[in-house]
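The values are calculated or read from the model by the stated rules, or taken from the named source; none is laboratory data. Note that the structure is a prediction, hence the values are computed from the model and not measured. FYI the Cβ positions are ideal-geometry reconstructions off the backbone, even for glycines, and counts take in every protein chain you see. Just the protein is used for accessible areas: all its heavy atoms, side chains included, with ligands, DNA and RNA removed. Shrake-Rupley method; radii C 1.70, N 1.55, O 1.52, S 1.80 Å.
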Amino acid sequence: MFVTVVKKGLACCLIAQVALTGLVRAENEMTDSAAEADSLTSTVAETPEIIPQHLMKGIEVVGDKVGRDIQDLPTSAAVVDESRMKDEPIATIDDVLNRVANVNSEGMAAMGGLFSIRGINQGSIFASFDATNQLAAVYLNQVALGGLMSQYIKPSTWDVRSVEVLRGPQSTLQGKNSLAGAVFFNYNRPDFTFDGGFRAEYGELDTWNLSLYQNVPIEEDVLAARIALETRNSDGGIVNPITGADDIAPIDEKTARLQLLYQPSGNEDISFNLTGIYFDSETNSQPRATEFGMYDLEDRLNEETWPGYVPQESWFTALESDFRLDDNWRIAAVTGYSDLNIADYTYDGDQMALDLLWVNGDFDESQFSQDLRLHYEGDRFRGLLGGYYSKADVRTIYGADGLFTSIFDLGEEVTVAALYANADYDILDNLTLNAGLRYNTENRKNNSSFYYYGPPPFSTDPFAPYEEREGSVDVEADYDQLLPSASLTYSFTDDVSAGLKYAKGYRSGGISVASILQNVEEYEEEIANTYELFFRSVLLNDRLTLNGNIFFIDWQDMQVPYLPAGGFPGFDELISNAGKTEIKGFEVEARATVTDALETFLALGHTSSEFKEFELYGEDLAGRSLPNSPEWTVAVGANYNHSSGFFAGGTFRWVDESYSVLNDEEVTRLSKRHVLDAKAGYRKDNWSVYVWGTNLLDDFYELNMTNIAGYIGMPGRAGSVSTPRRLGIGVEAAW
């Protein structure tokens, strides 16, 4: 099977290269002919050279920590840069991730994560209350968001320099929460110029987006500041037919970001970059349309009494310090702190207009981290030695009222310490070995209490007297893990290389609690050994980049939930290491400068996942694919910037079908997606005006689904669905 996948990957690489090469060669011939005519007639003014904006060459990957160029990176990486964001309607993390091969995003349930990489969902392969044990991490200016924050907060893309997506295990360099990969937001840093920018957009569904940034030099070559502000608002497209409310899926987000750059005495070899971000959001992170009785999903209706009100407030701080000792040595340190508070989170437990059951939640999460690295940069040897420490405190409180009363106060404290090293060594002028190793130790404490008052579990007697149960848990566990990685790269030329890579990804173990039964069970780490072939190339005089990775993931000791004897479904789930999965596939990403004005790009991904051993609640699921794991993802598009000032950019993406819930595959089936986003307008000097559109084909598709038959007593399902087509206008200015 793996051989078949390799053949498919190489074939797609070849097809993409040939197709793009043909486009570029055809354009070159036209350009050469035009140039000859111009030289003969001397009637056409000379056009200044336009440097390609979106080609991958020359991009240093921040998430790599080593500082390698993306074309020298064995890790499968994709970068969406600032210039591309200006040419297309890219406003959220979903917009970025949906332009990356083998990444699936946009509207997944909050407890299940925001996105999947190579078929592995960020939060878990099943809904879980464990917010500290993710499978993929989101970083802002090199600091990881906490587990809850990465699920509920969607980072702003305003004034961002680039967003990096690193696919495959990043455990050697990043440690916990990176088995599937990692996403890095790199915001523009302050500099010593006085400049700023403004953007205002309005669109259908009462969409308002307002953004501003200002850079201020305070003391020349010593101190500078940069502030960025953004507010995003939209109704979302789901209506309550009973109340008439048209804002069941609202977007209401405000972000304020302040950054300071300090270089003591103007010394560029010593720098401190301080970032402070404030988030305020009332976005419904789990908006649902319902399908039962006379309602169809495409009606985008929801009659819940409590439609998922999630008020959020959070703070984030990152301090990046860099000390250049000499030409070879430097010290880097990254300090981070984040705090998230969600108060009075409301959720309709019965999922109907009737007030039978409602849930209130309060979440608090704080996380501190410190990363310290010593870097060496020589001619043939380059490497780093690092130490890491983090501590996260999470408290989630759920209270249910109605048919029964319950309070679940779940507390987790996770402390991580690690030593790690990574180095490149040029064995020959054209052969480079990379090796890394991390020793990771983790302490997890669970301090929780539970209260339940309601009908006896599994009782068939509607008149049975209510029972009262309560208890508490105070336990801890320790985990240690060695996490190696290695790659070998052979360079055919300065711009063409290929190689092999191995990386060990892991998710730490933990403590599961059956709250009503008062059972506690510890579970162990799960491991994903990943093997890859990679290809990197810059061709046709730097006018075409073509990169690809072929991968095989052996995912072992997967953490699987199960219901113990006598347990209450949803409240008494324990976890054991009982699963095994294989994932095979490839991704190809290409970008071409067809003319000085026209650039095209392609992102093609294929993932084939299969449970080899997996039993959930007594049902054998071996042979099934992972949830939220489409086999194919395709994004293709272009950006055009004419010398007259006219510009246009757009992306068409196609995503294969998948499903949401492990043991309910057919009911939670997700249809294929055909989505076209575009933006076009006119630029002159430092201002532009444009029109934009999202989901221009008005394609309807499901984003995540749950089976609600057990709630409403008849066949039905509910979940997030696509936002209808939106058209809007915008204006942007800089000074």
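Could you work out Rg/(2.2 N^0.38 Å) for region 174-265, with Rg from alpha carbons only?
Working: Rg = 19.4 Å, N = 92, 2.2 N^0.38 = 12.3 Å.
In units of the 2.2 N^0.38 Å rule of thumb, it is 1.58.
Run the numbers on region 616-674 and let me know its relative contact order in percent, using alpha-carbon pairs under 8 Å that are six or more apart.
Relative CO of region 616-674 lands at 32 percent.
Quickly estimate the mean residue ellipticity at 222 nm for the chain, helices only: each DSSP H run with n ≥ 4 gives -39500 (n - 2.57), and the total goes over all residues, rounded to 500. Present the calculation step by step, with values, prior to reporting the outcome.
Working: 6 runs with 65 residues, N = 735.
Calculated from helices alone, the mean residue ellipticity at 222 nm is -2500 deg cm²/dmol.
Ignoring solvent entirely, what values of log10 I(q)/I(0) come out of the Debye formula for region 231-286 at 0.25, 0.27 Å⁻¹ when each Cα is a single scatterer?
-0.94, -1.00
Provide, as a two-decimal number, the C-alpha radius of gyration of region 229-374 over 2.2 N^0.38 Å, N being how many residues it has. Could you put the intermediate results ahead of the total?
Working: Rg = 22.7 Å, N = 146, 2.2 N^0.38 = 14.6 Å.
Rg over 2.2 N^0.38 Å, computed on Cα atoms: 1.55.
Once you treat every alpha carbon in region 100-235 as an equal point and sum by Debye, what is log10 I(q)/I(0) at q = 0.11, 0.20 Å⁻¹?
Once normalised to I(0) and log-transformed, intensities are -0.51, -1.12.
In terms of the Cα gyration tensor, with a ≥ b ≥ c the square roots of its eigenvalues, is region 526-566 rounded because a/c is under 1.5, prolate because a/b exceeds b/c, or oblate? List each step's numbers first, then the result.
Details: a/c = 8.94, a/b = 4.07, b/c = 2.20.
Here region 526-566 falls in the prolate category.
Stokes-Einstein D for region 547-623 at 20 °C, 1.002 mPa s, Kirkwood Rh over Cα pairs, in µm²/s? Kindly include the intermediate steps, with their values, before the conclusion.
Details: Rh = 15.7 Å.
It comes out at roughly 136 µm²/s.
First compute the accessible area of the chain with a 1.4 Å probe, then give the percent of it belonging to carbon and sulfur atoms. The partial results should precede the final answer.
Details: 16750 of 29430 Å².
Exposed carbon and sulfur together represent 57 percent of the surface.
So for each of 181-187, 272-278, 322-328 I average, over its residues, the number of other beta carbons within 10 Å; can you give me the resulting order with the highest mean first? Display every interim value, and only then the final one.
Values: 181-187: 24.6, 272-278: 18.3, 322-328: 13.1.
By packing density, highest mean first, the sequence is 181-187, 272-278, 322-328.
Once you place label points 7 Å from the Cα toward the Cβ at Asp327 and Leu433, how far apart are they in nm?
2.6 nm
Let me know the Rg and Dmax you get for the chain when you use only its Cα atoms, in Å.
Computed over the Cα atoms of the chain, radius of gyration and Dmax are 26.1, 98 Å.
Taking a point 7 angstrom from the Cα of Phe198 along the C-beta vector, which residues in region 712-735 have backbone N less than 16 Å away?
What the label zone holds, given the 16 Å backbone N cut-off, is 730-735.
To the nearest 0.05, how large is the calculated FRET efficiency for Ser271 and Asp355 if R₀ is 41 Å and r is the Cβ-Cβ distance? Intermediate results must be reported in sequence, preceding the final value.
Working: r = 57 Å, r/R0 = 1.39.
It comes to 0.10.
Grab the beta carbon distance between Glu613 and Glu377, set R0 = 56 Å, and tell me the FRET efficiency rounded to 0.05.
Details: r = 45 Å, r/R0 = 0.81.
Efficiency for this residue pair is about 0.80.
What distance in nm separates the simple spin-label points at Thr243 and Thr441, each placed 7 Å from Cα in the Cβ direction?
Computed distance between label sites Thr243 and Thr441 equals 5.2 nm.
Pick out, from Leu319, Ser265, Gln367, the residue whose Cα sits farthest towards the positive end of the charge dipole of region 255-370, with +1 on the Cβ of Lys and Arg and -1 on the Cβ of Asp and Glu.
Ser265
Based only on Cα atoms, what Rg/Rh ratio does region 439-556 have, Rh being taken as Kirkwood's radius? Write out the running numbers ahead of the final one.
On the way: Rg = 25.7 Å, Rh = 19.4 Å.
Taking Rh as the inverse mean 1/r over Cα pairs, Rg/Rh reads 1.32.
Would you please state the base-10 log of I(q)/I(0) at q = 0.12, 0.14, 0.15, 0.22 1/Å for region 376-492, with intensities from the Debye formula using one equal scatterer on every alpha carbon?
Per q value, in the given order, log10 I(q)/I(0) is -0.68, -0.77, -0.82, -1.13.
What distance in nm separates the two pseudo spin-label positions at Asp344 and Trp208, each 7 Å out from Cα along the beta-carbon direction?
2.2 nm
May I ask you to order 628-634, 283-289 by the average number of other C-beta atoms within 10 Å around their residues, highest value first?
Numbers: 628-634: 20.6, 283-289: 23.7.
Most protected by this proxy first, the peptides run 283-289, 628-634.
Thinking of region 659-723 as a set of Cα atoms, what percent of all their pairs are more than 19 Å apart?
Values: 1088 of 2080 pairs.
Of all Cα-Cα distances in region 659-723, 52 percent exceed 19 Å.
P(r) of region 620-731 in 10 Å steps, Cα pairs, percent per bin?
With a bin width of 10 Å, the distribution comes to 13, 31, 25, 17, 10, 4, 0.
Take each of the peptides 404-416, 258-270, 225-237, 66-78, average the number of other beta-carbon atoms within 10 Å over its residues, and list them starting from the highest.
On the way: 404-416: 18.3, 258-270: 14.8, 225-237: 19.9, 66-78: 21.6.
Per-residue Cβ counts within 10 Å, averaged per peptide and sorted highest first, yield 66-78, 225-237, 404-416, 258-270.
From a point 7 Å beyond the Cα of Tyr309 in the direction of its Cβ, which residues of region 252-275 have a backbone N at a distance under 16 Å?
Only 252 fall inside the zone, counting backbone N under 16 Å.
Kindly express, to the nearest 10 degrees and within the range 0 to 90, the angle between helix 2-41's C-alpha long axis and the longest C-alpha principal axis of the chain.
40 degrees
Can you tell me, using C-alpha contacts under 8 Å and at least 6 residues apart, the relative contact order of the chain as a whole percent?
Once divided by the residue count of the chain, the mean separation gives 12 percent.
Checking the table Lys501/Lys580; Lys176/Lys504; Lys154/Lys254; Lys501/Lys612; Lys391/Lys445 against a 20 Å threshold on Cα-Cα, which pairs fail? Please report the intermediate quantities before stating the final value.
Details: Lys501/Lys580 22 Å; Lys176/Lys504 12 Å; Lys154/Lys254 11 Å; Lys501/Lys612 24 Å; Lys391/Lys445 11 Å.
From the list (Lys501/Lys580; Lys176/Lys504; Lys154/Lys254; Lys501/Lys612; Lys391/Lys445), the Cα-Cα distance tops 20 Å for Lys501/Lys580; Lys501/Lys612.
Hey, can you find the accessible area per residue of region 486-627 for me, probe 1.4 Å, expressed in square angstrom? Show your work: numbers first, answer last.
Working: 4790 Å² over 142 residues.
Heavy-atom SASA per residue in region 486-627 reads 34 Å².
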